[in-house]
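Input: a single structure, listed below in structure tokens.
Read the figures in this text as sums done on the coordinates, not as results from a lab. The structure presented is a predicted model; accordingly, all values stated were derived computationally and were not measured. Glycine gets a Cβ as well: all are built from the backbone with ideal geometry, and neighbour counts include every protein chain shown.
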Amino acid sequence: MIKNNEINQIVVLNKTLQYNPRKNLPLKVSRKKTESLFVNAFLKAFLNLYTNQNGLVAKEFSLNGYGIADLIYLKITQSKWNDRDEIRTRKFVTAFEMKINDWQKALSQAMRYRYFANRVIVVLPDNNISRAKYFSGTFKSLHVGLWSFNKRTKEIQKIYTPHYSRPLNIQAKRKTLSFLTAQL
């Protein structure tokens, strides 16, 4: 159990995969790092927004059977919950799926993360967000967030952010938390 003030900043895990999925691609495709550079730029902007938060960020998080999330953010909150000054720690997992062009594929992948995450968000470049915005009702009905990110200005625009909700598979969330807290 994490005690009060044990975590007082965001910790970033750079390697959560046991393997590199890019090595499975043809050489020509595996050299393209556009999405990877986009993810790294978004991560820096995200960390600047949430510098006063407690938590953990992991890149390329893989949970067997649920795909590979580009980023996950474990938010850790602590609050007094009774008269005896006992502290309750709550953990919320947000999974991010990022794509340069294909918002439909991003949405499809993000849906799998709902099994282990409390909140799921698709992030697209601001110059490719218009078509996805047109379908924002679909994102809302599926409880998947939609954000845009401008790599040049480092601006994150939150078009729709779902509330934290119970993951579809509580055992999958427990596995996620077990893995992440073991990294601490």
- request: Among the residues of the stretch 61-78, count how many are in a loop (DSSP other than H, G, I, E, B) and either touching a strand residue (DSSP E or B) at 6+ places or on another chain (Cβ under 8 Å) or not small (Gly, Ala, Ser) (or both).
  value: 3
task: Considering (1) in contact with a helix residue (DSSP H, G or I) (Cβ under 7 Å, 6 or more places away or on another chain); (2) surrounded by fewer than 14 Cβ atoms within 10 Å (Cβ to Cβ), say which one Arg88 fails and leave the rest.
output: (1)
field: Filter pass, Asn127 being in contact with a Lys or Arg (Cβ under 9 Å, 6 or more places away or on another chain) and more than 18 Å from Leu43 (Cβ to Cβ)
entry: no
- line: For Thr153, the lone unmet condition from (1) free of Cβ contacts under 8 Å to residues at least 24 places away in the same chain; (2) outside any loop (DSSP other than H, G, I, E, B) is (2)
query: among the charged types (D, E, K, R) and without any contact (Cβ under 8 Å) to a residue 12 or more places away in the chain - does that describe any residue in the stretch 118-141?
result: no
Filter result (within 26 Å of Arg131 (Cβ to Cβ), in contact with a helix residue (DSSP H, G or I) (Cβ under 9 Å, 6 or more places away or on another chain) and surrounded by fewer than 16 Cβ atoms within 10 Å (Cβ to Cβ)) within the stretch 153-184: Thr153, Lys154, Glu155, Gln157
message: All but one of (1) among the small types (Gly, Ala, Ser); (2) assigned to a helix (DSSP H, G or I); (3) touching a residue at least 60 places away in the same chain (Cβ under 8 Å) hold for Ser108; state the number of the condition that does not hold.
response: (3)
